[in-house]
Structures are given as C-alpha cells and as structure tokens.
1. Just for the range 23-69: of the residues that are crowded, with 17+ Cβ neighbours inside 10 Å and free of Cβ contacts under 8 Å to residues at least 40 places away in the same chain, which one is farthest from residue 211 (Cα to Cα)?
2. Being part of a helix (DSSP H, G or I) and in contact (Cβ under 8 Å) with a residue 60 or more places away in the chain is the filter here; which residues of the range 196-214 pass it?
3. Of the residues in the range 105-136, how many are at pLDDT 90 or above and either under 19 Å from residue 87 (Cβ atoms) or surrounded by fewer than 12 Cβ atoms within 10 Å (Cβ to Cβ) (or both)?
4. What residue, among those in the range 172-195 that are in a loop (DSSP other than H, G, I, E, B) and touching a strand residue (DSSP E or B) at 6+ places or on another chain (Cβ under 8 Å), is nearest to residue 243 (Cα to Cα)?
5. When residue 204 is evaluated against the numbered criteria (1) surrounded by fewer than 20 Cβ atoms within 10 Å (Cβ to Cβ); (2) in contact with a Gly (Cβ under 8 Å, 6 or more places away or on another chain), which criterion, by number, is the only one it fails?
6. Within the range 163-180, can one find any residue that is without any contact (Cβ under 8 Å) to a residue 60 or more places away in the chain and buried (at least 18 other Cβ atoms within 10 Å of the Cβ)?
7. Of all the residues that make up the range 219-248, how many are within 20 Å of residue 16 (Cβ to Cβ) and more than 20 Å from the chain's Cα centre (by Cα)?
8. Which helices (runs of 4 or more DSSP H) does the range 1-112 wholly contain that include 3 or more residues that are assigned by TED's automatic domain parsing to the domain that holds residue 132?
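The values are calculated or read from the model by the stated rules, or taken from the named source; none is laboratory data. The model shown is predicted, which means the values in this text are computed figures rather than measured ones. Cβ: placed from backbone, ideal geometry, glycine included. Neighbour counts: every protein chain shown.
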Amino acid sequence: MPLLEVSKLTKAFGGLIALNNFNLDVEEGQLVGLIGPNGAGKTTVFNLLTGLYKPTSGSIVFDGRDLRGRHPHQITKMGMARTFQNIRLFGNLSVLDNVKIAYQVVENYGLIPAFMRVPPFYRREENIEKVSLEYLEIFDLKKLAQERAKNLPYGEQRRLEITRALATNPKLLLLDEPAAGMNPQETQDLLGLIRWIRDEFKLTIILIEHDMSLVMGLCERVLVLDYGSLIAEGTHQEIQQNPKVIEAYLGDEEVAAWE
C-alpha cells in the first residue's frame, strides 16, 4: 500500500476550479517533484493534504487513514509535515523555541501536568529542550539557539523551517519551494541537504520547486500541473521531452539548458 493515495482530488473556489481530478500515489522513501506554472494548483495540493483546505471532492488516504475532516494539527500528529513558500517562523521567538514548539507535537504531556506543574511536566520540558538542541546541532544551528528567528539570514531561516518540520517526527515531508530566494550556491547546498534528510531520516518527500536544476537533481518522479490539471508524469528525462510540458511550462530554451 502506498504511503499516500490521492484519488480524483478536486478543489473549487466558487466557479474557479483550482485543482481538477488530481491523482497521486507515493511509495515510502520516494522523492517526488511537483512542478508547473504559477497558479497551476501546486500549493493547493499541499493545502489540501495538510488540512488547510477541505476538498470539494475526492479522497486522501495517508498511511492507511482517510484524511477527510481532519484538522492540520491532527494530520501533523499522524506524520505529515510541511514548509511554506513564504517562510512562517515565529520571528520574535528564539531559534530554540521555534523547534521546541514543533517538538511538543510529539512530546505531548497533557493539560493536567502542564497546569499543575508536577514533576513529569518538568522532566518532559527538559526532554523537549534536549531533543530540540539535538535537532539544531544536526542542522548546524545550535550556535544560534538563542537568536531571534527573524534575525537569521534568509538561507538559515529556510534551514530552521525544515528543522522545525522534522522535529514533528514526520513520515512524509512536503517542501514548498525551498530554494525560493536562494543564490546558486545556496541551492546546491540545499540539494545535498534534502538528499541527506531523505536518507538519514528515512523520509518520503514531495517537493514543489521552480528551480529545475534542483528538481532534476533530486526527484525520481515528476508531476506537472497546468491550470489545476495533471498534464504529465514520469522521470525527469521523460518530463523534459514531453511536448505538453515544454509548451505549458518549460519552453525550448529551458530544455536546451539541460542538454
């Protein structure tokens, strides 16, 4: 059974069909790319998967469980985490606190211990800080633990957002344009980081990205959306040769740049 099964997923906003009969199966351990022009429906897919939008029709089954009617925090607890195209950190909180908030999804001690401040509460608080610092060390952010998140350089804010997503202990990680705003060197560093994350954490990853060097360097499978409809699916070699994709999105100059 695939880790994620999406069948005939449709989202309408009034008379506008943002996503139309979208199908997707993702096996454990796969790294899948989702590409297409601006407004094609890519982020709508992520918003539906994570419960920010409710589907007009269709089904989403994750790890054998139906996601319809579930709230975002419930889906996160089930093992799906995401980043956003526009970075969404708690800017006035420290780097450490950003990760601690995420890890509390895993280390949930309940209302009574938190209210009464009994010994289990303090033990779990200590564990949350310990594990959060370990995550920051893995991603070379521990030295910035007490820095306000909004004061970090852009590339390190991106890294913190990924760190925070991983702190929820996901099975499936959704990355929404992680290379947006990065220079070529930062993009190459990110490529290596995503590969390492997939292998080290044994994760399944779906990636939305406009930087084709990143998509082609990472993704084993690529899906292409245009005007809310899936127009192509295959390996990156198949995608870059697909006439519909060239016409709708890539263009001859982009394809020539890969050759």
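1. Ranking the candidates gives 67 first.
2. Of the residues in the range 196-214, the ones part of a helix (DSSP H, G or I) are 196-201, 212-214.
Listed by number, the residues that qualify are 198, 212.
3. 4
4. As a first pass, look at the range 172-195 and keep what is in a loop (DSSP other than H, G, I, E, B): 177-183.
This time we only want the ones that are touching a strand residue (DSSP E or B) at 6+ places or on another chain (Cβ under 8 Å), so: 177-178.
Working: 177: 24, 178: 27 Å.
Restricting to residues being in a loop (DSSP other than H, G, I, E, B) and touching a strand residue (DSSP E or B) at 6+ places or on another chain (Cβ under 8 Å), the top hit is 177.
5. With respect to (1) surrounded by fewer than 20 Cβ atoms within 10 Å (Cβ to Cβ); (2) in contact with a Gly (Cβ under 8 Å, 6 or more places away or on another chain), residue 204 is out only on (1).
6. Filtering the range 163-180 for residues without any contact (Cβ under 8 Å) to a residue 60 or more places away in the chain gives 179.
Now drop any that are not buried (at least 18 other Cβ atoms within 10 Å of the Cβ), which leaves 179.
Yes: the range 163-180 contains one or more residues that are without any contact (Cβ under 8 Å) to a residue 60 or more places away in the chain and buried (at least 18 other Cβ atoms within 10 Å of the Cβ).
7. Going through the range 219-248 one residue at a time, the tally reaches 5.
8. Working: elements: 42-49, 72-78, 95-103.
It comes to 95-103.
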